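> Right, I'll just put the structure down here and ask away after.
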Amino acid sequence: MKAFFTRRNSLLVAASAALALSLSACGGSSSSTSTNPPVAEKPSFAADSTMAKLSSAGKIVIGTKFDQPLFGQKGLDGKPIGFDVEIGKLIAAKLGIPADKIEWVETVSANREQFIKQGKVDLIVATYTINDKRKTEVDFAGPYYEAGQALMVNKDNTTITKPEDVRGKNVCSVTGSTPAATIVEKYGAVLVPAATYSACLEPLRNKQVEAITTDNVILAGFVAKEPDAFKLASDETFTKEPYGIGLKLGDTPFRMWINDQLEAADKDGSYAKAWESTAGTVIKTTPALPTIDRY
């Protein structure tokens, strides 16, 4: 079967050791730091728009992950930190909502669409890959980052170096995730589902599964925390995973407004600052904002 490879950032593995030292120095917490972007004063929005309602209420509910190093992980104070969190803060600030008025709700891959549909969150920033199937259930602003699927194995594993090597083998991934579908449908792996990616770690460590698959940046965070236990199977990725901000289906004005804010953040440097204070502590090359999909 033909593999579709794109080049991943070669600095991921090299930077992992440096992060590991930082992690051990701070008791195993993420090395991400939290920032508070400038809050817009009295922003004006069209009446009855989602932006107007949220700005008037002075608070927002944002879904993110709590177990994804570098992107969304619960800190020592119980609040999430990471690149996704910083993107959420940027959007809130443009609505005139300060960081301390954001309610963070843990969302895992399997419940993201339902949380949006049920109104449990106003938006979701949670390593949420945009794809056509999901677009039938929710809207997406962005993408604000493009990752790529990879494999993580035990440090002593020498048999898995590419996705074709997992055919017929047990691979752990999260229920309802794009990587889970890809590894089964394209590469013939036997899926061992889990609720979160962190729940895959012990099965891998105990060799109940032979690999974990998800986006390279997520796996890089796990490798960085335990470089003596795990490694990336390869420096290559085999999919493109554009991360978007999920919101209610059909709320085009809100989606377009968020897209505008992402582009503005890229121009004024706040996008780069969000990256460099979080995922950029490992992945030293600051990414360019991907081309916004204004569908």
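The values are calculated or read from the model by the stated rules, or taken from the named source; none is laboratory data. As the structure is a computational prediction, the values presented were derived from the model and not from experiment. Note that we place each Cβ from the backbone using ideal geometry, even for glycine, and neighbour counts take in every protein chain shown.
> Among the listed residues A52, A46, which satisfies the condition of being assigned to a loop (DSSP other than H, G, I, E, B) and either buried (at least 18 other Cβ atoms within 10 Å of the Cβ) or modelled with pLDDT of 95 or more (or both)? First the steps, then the outcome.
Working: A52 fails: assigned to a loop (DSSP other than H, G, I, E, B).
Sole residue among the options that is assigned to a loop (DSSP other than H, G, I, E, B) and either buried (at least 18 other Cβ atoms within 10 Å of the Cβ) or modelled with pLDDT of 95 or more (or both): A46.
> Give me the residue from segment 126-164 that is among the charged types (D, E, K, R) and either under 20 Å from T291 (Cα atoms) or without any contact (Cβ under 8 Å) to a residue 12 or more places away in the chain (or both) and, out of that set, surrounded by the most Cβ atoms within 10 Å (Cβ to Cβ).
To start, the set of residues in segment 126-164 that are among the charged types (D, E, K, R) comprises 132-135, 137, 139, 146, 155-156, 162, 164.
Filter once more, keeping what is either under 20 Å from T291 (Cα atoms) or without any contact (Cβ under 8 Å) to a residue 12 or more places away in the chain (or both): 132-135, 139, 146, 156.
Numbers: D132: 6, K133: 9, R134: 19, K135: 14, D139: 23, E146: 21, D156: 8.
For segment 126-164, the residue satisfying everything is D139.
> Considering only segment 45-57, how many residues are in contact (Cβ under 8 Å) with a residue 12 or more places away in the chain and either of a type in the set (G, A, S) or at positive phi (or both)?
Going through segment 45-57 one residue at a time, the tally reaches 3.
> Taking segment 270-286, which residues are in contact (Cβ under 8 Å) with a residue 24 or more places away in the chain and not in a helix (DSSP H, G or I)?
S277, T278, V282, I283, K284, T285
> Residue by residue through segment 109-127, note down the ones that are modelled with pLDDT under 95 and in contact with a Phe, Trp or Tyr (Cβ under 9 Å, 6 or more places away or on another chain).
Residues satisfying the conditions are S109, T127.
> Given the structure, is K42 touching a strand residue (DSSP E or B) at 6+ places or on another chain (Cβ under 8 Å) and in contact (Cβ under 8 Å) with a residue 40 or more places away in the chain?
no
> So, in segment 86-125, exactly how many residues are in a helix (DSSP H, G or I) and either surrounded by 20 or more Cβ atoms within 10 Å (Cβ to Cβ) or not small (G, A, S) (or both)?
The first filter runs over segment 86-125 and keeps only residues in a helix (DSSP H, G or I), leaving 86-94, 99-101, 109-117.
Next, from what is left, pick out any that are either surrounded by 20 or more Cβ atoms within 10 Å (Cβ to Cβ) or not small (G, A, S) (or both): 86-94, 100-101, 109, 111-117.
Of the residues in segment 86-125, 19 are in a helix (DSSP H, G or I) and either surrounded by 20 or more Cβ atoms within 10 Å (Cβ to Cβ) or not small (G, A, S) (or both).
> Sticking with this one: Taking segment 153-176, which residues are on the phi < 0 side of the Ramachandran plot, assigned to a loop (DSSP other than H, G, I, E, B) and touching a strand residue (DSSP E or B) at 6+ places or on another chain (Cβ under 7 Å)?
Taking segment 153-176 and keeping what is on the phi < 0 side of the Ramachandran plot, we get 153-167, 169-175.
Among the residues that remain, those that are also assigned to a loop (DSSP other than H, G, I, E, B) are: 155-162, 167, 169, 175.
Once the filter is applied, which keeps residues that are on the phi < 0 side of the Ramachandran plot, assigned to a loop (DSSP other than H, G, I, E, B) and touching a strand residue (DSSP E or B) at 6+ places or on another chain (Cβ under 7 Å), segment 153-176 yields K155, I160, K169, T175.
> Next question, about the same structure. I need every pair where a residue in segment 84-95 that is in the same structural domain as I62 (by TED's automatic domain parsing) and over 16 Å from G142 (Cα atoms) has its Cβ under 7 Å from the Cβ of a residue that is part of a loop (DSSP other than H, G, I, E, B) and of a type in the set (V, I, T), sequence separation at least 6 or different chains.
A93/V39
> Looking for whichever is within 27 Å of L191 (Cβ to Cβ) and not assigned by TED's automatic domain parsing to the domain that holds I218 here; the options are V153, V105. Which one fits?
Working: V153 fails: not assigned by TED's automatic domain parsing to the domain that holds I218.
From the options V153, V105, the qualifying one is V105.
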